[in-house]
Amino acid sequence: DATALCLSVSDEAYYNKAVAYKNLLDVKNVIKSFQEVVRRGRLNDEMVIHARKFLDDMEKSIRKDHNVDLAGYMLGHDIFDQAFSRMENKEWQAAMNGFKKCLEVNKRHQQSYGNIGICLAMLGKKEEALKALNMALAIDPAYLPAINNRILVEGLKEGEKLKEEKFASIDFSREKFLMEKIKVK
């Protein structure tokens, strides 16, 4: 039947989209695409079974690492993205407020603490910035952006603002994964 064929092609398209996002290390969109496969697909379909297993494994990993469920993780991701956009626009206070909202959802999100540290440094609040960076490092002592940013902030005088040319946005999770992948080969 034509309707079943359209749904099957559409399901496969979402599945392929998820795989493409997975290859790009875009976790948020991998999850969204696999959720769509599960939502649209038939229970016993191989793609649906694989998507459901992936999502179950992700939820277990997220609960272990962040102590939040998949829905909370996705909400936190959306809040983080909005805050990060503010940060890239040099709206330091608004960005910081957004990162704090992200931490209300995901208390173990080292990137939010690290970015709060940068925002505070951009506002000339050295001691508060160092506390935020230390929180990021308490969660992940190997979190390189916080380590590097802490060195920059330590060099400031209280009230002195971090120079904007020192700010560069990176996707550290993706970069870390790629570096680990390169080391293995």
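The values are calculated or read from the model by the stated rules, or taken from the named source; none is laboratory data. Note that the coordinates shown come from a computational prediction; the quantities given were computed from them, not determined experimentally. In this analysis, Cβ positions are derived from the backbone assuming ideal geometry, glycine residues included, and neighbour counts consider all displayed protein chains. These accessible areas exclude ligands, DNA and RNA; they are computed on the full protein's heavy atoms, side chains included. Shrake-Rupley method; radii C 1.70, N 1.55, O 1.52, S 1.80 Å.
Gain on full extension, evaluated as 0.36 nm per residue between E59 and L123 minus their Cα-Cα distance, stands at 19.4 nm. Take the Cα of D78, step 7 Å toward its Cβ, do the same at E12, and the gap between the two points is 3.1 nm. Note on the range 9-34 and the range 93-137: Cα centroid distance 31 Å, given to the nearest whole angstrom. Per residue, the range 93-151 exposes 43 Å² of accessible surface when a 1.4 Å probe is rolled over the protein heavy atoms with every protein chain present. Efficiency by 1/(1 + (r/R0)^6): what FRET value for Q93 and L144, r their Cβ-Cβ distance, R0 = 30 Å, to the nearest 0.05? FRET efficiency, Q93 to L144: 0.70. Listed cross-link partners K28/K60; K90/K131; K28/K125; K90/K163; K17/K107; K64/K131 are compared with a 23 Å cut-off, the Cα-Cα value being larger for K28/K125; K17/K107; K64/K131.
Value of Rg to Rh for the range 1-133, rounded to two decimals, is 1.13; Kirkwood radius and Rg both from alpha-carbon coordinates.
Extension gain A71-E104, at 0.36 nm per residue separation less the Cα-Cα distance, in nm? Write out the running numbers ahead of the final one.
On the way: separation 33, 0.36 × 33 = 11.88 nm, distance 1.37 nm.
In short, 10.5 nm is gained.
In the assembled protein chains, R150 presents an accessible area of approximately 50 Å² (probe radius 1.4 Å).
Shape index of the range 90-172: Rg/Rh, with Rg the Cα radius of gyration and Rh the Kirkwood radius from the inverse mean 1/r over Cα pairs, equals 0.93. When all protein chains stay in place and ligands, DNA and RNA are ignored, the 1.4 Å accessible-area order of M122, M58, largest first, is M58, M122.
Using heavy atoms of the protein chains and a probe of 1.4 Å, the accessible area assigned to D56 is about 80 Å².
Output needed for the range 47-110: three equivalent-ellipsoid semi-axes, defined as square roots of 5 times the C-alpha gyration tensor eigenvalues, in descending order, whole Å.
Taking √(5λ) for each eigenvalue gives 28, 13, 7 Å, largest first.
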